Amino acid sequence: MQRVCFILRVKPERLEEYKQRHRHVWPEMQAALRETGWGNYSLFLRDDGLLVGYLETEDFERARAGMAGREVNERWQREMGDFFVQPDGALPDRAMRPLEEVFHL
């Protein structure tokens, strides 16, 4: 099982709306995440916009590719894209770069 952690940055002026959107994630988006291998998936948001994501999966690249092929993911990413500070304009799911795990207890 892979443990994957990544960081993104949410625009400070969009924090409340970002949190509100995640209180009501579309059921079909949640189903797609589960079906493509995203388990124990959590997002943590700091008040300055730092977003930390954590998930467990058998194969992160396969899980990412599975979501990339889902229409619901494309819709979600387009709707959520403007919430993020992304210098290259990439959609959030394409900007996820896993952090190196240096310790686990």
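We did not get these values from a lab; they are worked out from the coordinates using the rules stated. Computed from a prediction, not measured in an experiment: that's the story for all the values here. In this analysis, Cβ positions are derived from the backbone assuming ideal geometry, glycine residues included, and neighbour counts consider all displayed protein chains.
Per-structure values
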quantity	calculated
Residue-span extension gain [Arg78 to Leu50] - 0.36 nm each, minus C-alpha spacing	8.1 nm
5 angstrom amide H check on Tyr41, placed H, neighbours 5+ away	Glu56
Spin-label model distance (nm) - Met1 vs Ala65, 7 Å beyond Cα toward Cβ	2.3
Note, ³J(HN,Hα) from phi for the stretch 3-10, Karplus 6.51, -1.76, 1.60, rounded to Hz, x at Gly and Pro	9, 10, 10, 9, 10, 9, 10, 8
Gain on full stretching of the segment that runs from Glu100 to Trp26 - 0.36 nm per residue minus C-alpha separation	23.6 nm
The chain - charge dipole about Cα centre, Lys and Arg +1 at Cβ, Asp and Glu -1, debye rounded to 20	120
Answer label for Rg/Rh (Cα atoms, Kirkwood Rh) (calculated), chosen among [x] 1.20; [y] 1.00; [z] 0.94	[z]
Under-5 Å amide H pairs with Lys11, H placed in peptide plane, nonlocal only	Phe84, Val85
